[in-house]
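Novice: Before I ask anything, let me first share the structure, which is written out below as structure tokens.
The values are calculated or read from the model by the stated rules, or taken from the named source; none is laboratory data. All of these numbers come straight from a predicted model, not from anything done at the bench. Every residue, glycine among them, receives a Cβ derived from its backbone with ideal geometry; neighbour counts consider all protein chains shown. Accessible surface is based on the protein model in full, side chains and every heavy atom, while ligands, DNA and RNA are left aside. Shrake-Rupley method; radii C 1.70, N 1.55, O 1.52, S 1.80 Å.
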Amino acid sequence: MKALFSTAVGGPETLVLTDTAEPVAGPGQLLVAVKACAINYPDVLIIEDKYQFKPPRPFAPGGEIAGVVEAVGEGVIGFVPGDRVIAVTGHGGLVEKVAIPAVSAYKLPAERSFEEGAALLLTYATSIHALVDRGRIKQGDTLLVLGAAGGVGLAAVELGVAFGARVIGAVSSEEKAAAVRAAGASDVILYGRAPFDRDQSKALADAFKAACPKGYDIVYDAVGGDYAEPAVRATGWEGRYLVVGFPSGIPKLPLNLTLLKSCDICGVFWGAFAARDPKANTAHVEHLFRLWAEGKIAPRVTKTFPLEQGGDAIAHLGSRNAIGKVVVTVG
């Protein structure tokens, strides 16, 4: 079978399309013929050995897949060959076939495409965990989403609206702003490209505050870097600042701000949450499927690439120009 492997530390240009042995479905596993694999920011990091997990090489990046079950391993119940499924794999998705734990798979509704299915779990499951478990979102809250036009950002916008919050997105271009408004945001703030000097940082904090003078109940930060401190300064009394990702770098925050606002800095590590509390994660995923069926959320796939151009897909996401989800089609 074909697989796009990372054989050496480096950027997307180091990935190699190669032939490799087909996997088999071991006990408790499904063998899935991959039809689509979504690209996420961890794929940018993992091939450069900058992610928290460093799989042994050669390995295929690609953290979430959609496909068709080809074989069912010993002890698996609830799945048969021919089932259409989606799953988060962590890595290993940019291949023609993959063996996955059956417990990680969910059946893809017949009316949904493989591209849509591949784009659902990681971003929306991260965002529902962030908003519900860490942000304690409730009707009437005001939510600021940084990086609102990305995969997790648009998911957070849609879920915030679904939960009855007033959502304000923050993005870097008018094109991205249009996508965020279409997802239901009440307002959008445009910011420039970091790094920021002291005056620019204050100006961004003032812009955040102007859109919500009382301060935000929840800040969803999928950007980090120099954008973080202005967002914390705009957080309201007893607000929740959610640490989701760092494509702009790991920020250093003046912790006196948390005292002055009595606010919480909350880490969001969905993968660890799902592993530690699979029952709660499954309940969240079932909630996502209901919202999907009701039309309250919808993964937005804006660009697709064939498997042989999977490195280009990762490079496109890494450029921070992507809107919504980027998906690699397989087979």
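Novice: For segment 179-210, how many residues meet the condition of being more than 20 Å from the chain's Cα centre (by Cα) and in a helix (DSSP H, G or I)?
Specialist: Of the residues in that region, 13 qualify.
Novice: Moving to a separate point now. Restricting to segment 79-111, name every residue that is under 24 Å from THR304 (Cα atoms), outside any loop (DSSP other than H, G, I, E, B) and open to solvent by 60 Å² or more (accessible area, probe 1.4 Å).
Specialist: Across segment 79-111, the qualifying residues are ARG84, LYS107.
Novice: Can you tell me which residue within segment 1-35, out of those that are assigned to a loop (DSSP other than H, G, I, E, B) and of a type in the set (A, V, I, L, M, F, W, C), is surrounded by the most Cβ atoms within 10 Å (Cβ to Cβ)?
Specialist: ALA25
Novice: Give me the pairs, please: first residue somewhere in segment 175-197 and surrounded by 22 or more Cβ atoms within 10 Å (Cβ to Cβ), second residue anywhere and part of a loop (DSSP other than H, G, I, E, B) and among the aliphatic types (A, V, I, L, M), beta-carbon distance under 6 Å, and either six or more positions apart or on two chains.
Specialist: What qualifies is LYS176/ALA149; LYS176/ILE323; ALA179/ALA149; ALA179/ILE323; VAL180/ALA148; VAL180/ALA149.
Novice: Another question, if that's okay. Got a number for residues in segment 24-43 being over 13 Å from ILE65 (Cβ atoms) and at pLDDT 95 or above?
Specialist: 6
Novice: Also, I was wondering about something else. Tell me which residues, restricted to segment 139-149, are surrounded by fewer than 23 Cβ atoms within 10 Å (Cβ to Cβ) and in contact (Cβ under 8 Å) with a residue 60 or more places away in the chain.
Specialist: Hits for segment 139-149 are ASP141, THR142.
Novice: Being touching a Pro at 6+ places or on another chain (Cβ under 7 Å), charged (D, E, K, R) and under 26 Å from ASN40 (Cα atoms) narrows it down to one residue among GLU229, GLU174; which is it?
Specialist: Every option except GLU229 fails the conditions.
Novice: Looking at (1) outside any loop (DSSP other than H, G, I, E, B); (2) closer than 17 Å to GLY239 by Cβ, which is the only condition GLU115 fails?
Specialist: GLU115 satisfies all of (1) outside any loop (DSSP other than H, G, I, E, B); (2) closer than 17 Å to GLY239 by Cβ except (2).
Novice: If you take the residues of segment 211-233 that are part of a strand (DSSP E or B) and of a type in the set (Phe, Trp, Tyr), which of them is farthest from CYS263 (Cα to Cα)?
Specialist: Filtering first and then ranking leaves TYR220.
Novice: Considering only segment 61-78, state which residues are in a loop (DSSP other than H, G, I, E, B), out of contact with any Asp or Glu (no Cβ under 6 Å at 6 or more places or on another chain) and buried (at least 19 other Cβ atoms within 10 Å of the Cβ).
Specialist: GLY62, GLY63, VAL76
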